[in-house]
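Peer 1: Before I ask anything, let me first share the structure, which is written out below as structure tokens.
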There are 2 protein chains.
Amino acid sequence: IIATMSLEQAAKIVSDVFYKYAGEDDKKQTLSRDELKKLLQAHCSHKPDSVTKLDKLVKRLDDNKDNQIDIVEFGALIGMMANNCEAGFREGH
Amino acid sequence: IIATMSLEQAAKIVSDVFYKYAGEDDKKQTLSRDELKKLLQAHCSHKPDSVTKLDKLVKRLDDNKDNQIDIVEFGALIGMMANNCEAGFREGH
């Protein structure tokens, strides 16, 4: 089934998950560091397991340096996760 | 069903689609402009409908200016698509 899922359905999942957590504080269009942390804990198996790793991730994603992650910056995280999927297969995980 | 799909399954779709097109030329880890164009034609309903729009999209995605789109830069495109999903709903499409 997954193979037939379209890119747009994947984008829809990204949108649903993003806005579920981004909507928690008053800044509904972006993820704060804490919202990102909650999202990762709920949705990612290999997540940053230390505060420093989380801060490094936020710094790397936060292109416009407003200390918030918008949905396009969040898309880059999905790209990193996709990269791990591919890398994981190559290393024969 | 989509609601229960996890972010990681979405990332897997992004990876599958990305590497299907990136693998066409000798640079297997990145999308060339033409590979991105073919990918968009096959997988996106609202795609750039002119050469200039495609060039603008490539320029915007291509953070490291190597004229190729890697999977993390491609993730930002998924973020933009996710943004349209949300924006689409808000404007009552």
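Taken together, the values in this text are just the output of simple stated rules run on the coordinates, not laboratory data. The model shown is predicted, which means the values in this text are computed figures rather than measured ones. Methodologically, a virtual Cβ is constructed for each residue, glycine included, from the backbone with ideal geometry; neighbour enumeration extends over all protein chains shown.
Peer 1: Using the Karplus equation 6.51 cos²θ - 1.76 cosθ + 1.60 (θ = phi - 60°), what ³J(HN,Hα) coupling, rounded to whole Hz, does each residue of the range A:65-81 give in order, writing x for Gly and Pro?
Peer 2: Residue by residue, the range A:65-81 yields 6, 9, 6, 10, 10, 8, 5, 6, 5, 5, x, 5, 5, 4, x, 5, 5 Hz.
Peer 1: Using a 10 Å cut-off on Cβ to Cβ distances, tally the other chain neighbours for every residue of A:11-24 and report the average as a whole number.
Peer 2: 6
Peer 1: At 0.36 nm per residue, and after removing the present C-alpha to C-alpha distance, how many nm does the segment from B:Arg33 to B:Ser50 gain when stretched out fully?
Peer 2: 4.8 nm
Peer 1: Label-to-label distances across copies for A:Asp63, with labels 7 Å out along Cα→Cβ, in nm, shortest first?
Peer 2: So the distances to the same position in the other copies read 0.8 nm.
Peer 1: Going by how many other beta carbons lie within 10 Å of each one, how would you line up B:Lys37, A:Lys47, fewest first?
Peer 2: A:Lys47, B:Lys37
Peer 1: Please state the Cα pair-distance histogram of the range A:7-88 with 5 angstrom bins from zero: what percent is in each bin?
Peer 2: Spelled out per bin, shortest first, that is 3, 15, 27, 29, 19, 6, 1, 0.
Peer 1: Summing Lys, Arg as +1 and Asp, Glu as -1, what charge do residues with Cβ under 13 Å from the Cβ of A:Cys44 carry, A:Cys44 excluded?
Peer 2: +3
Peer 1: Rank the residues A:Ser15, A:Ser6, A:Ser50 as a footprinting-exposure proxy: fewest other Cβ atoms within 10 Å of their Cβ go first.
Peer 2: Ranked by crowding around the Cβ, least crowded first: A:Ser50, A:Ser6, A:Ser15.
Peer 1: Testing the spin-label approximation: label points 7 Å from Cα along Cα→Cβ at A:Asp63 and A:Gln41. State their distance in nm.
Peer 2: 2.9
Peer 1: Here's another thing I want to ask about it. Can you tally the net charge around B:Asp25? Count Lys and Arg as +1, Asp and Glu as -1, for every other residue whose Cβ sits under 15 Å from the Cβ of B:Asp25.
Peer 2: 0
Peer 1: Going by how many other beta carbons lie within 10 Å of each one, how would you line up A:Val72, A:Val51, B:Val14, fewest first?
Peer 2: By the 10 Å Cβ count, ascending, the order reads A:Val51, A:Val72, B:Val14.
Peer 1: Which whole-Hz couplings ³J(HN,Hα) result when phi for each residue of the range B:23-37 is put into the Karplus expression 6.51 cos²θ - 1.76 cosθ + 1.60, θ = phi - 60°, listed in order with x for Gly and Pro?
Peer 2: x, 6, 9, 6, 8, 6, 9, 9, 9, 7, 4, 5, 5, 5, 4
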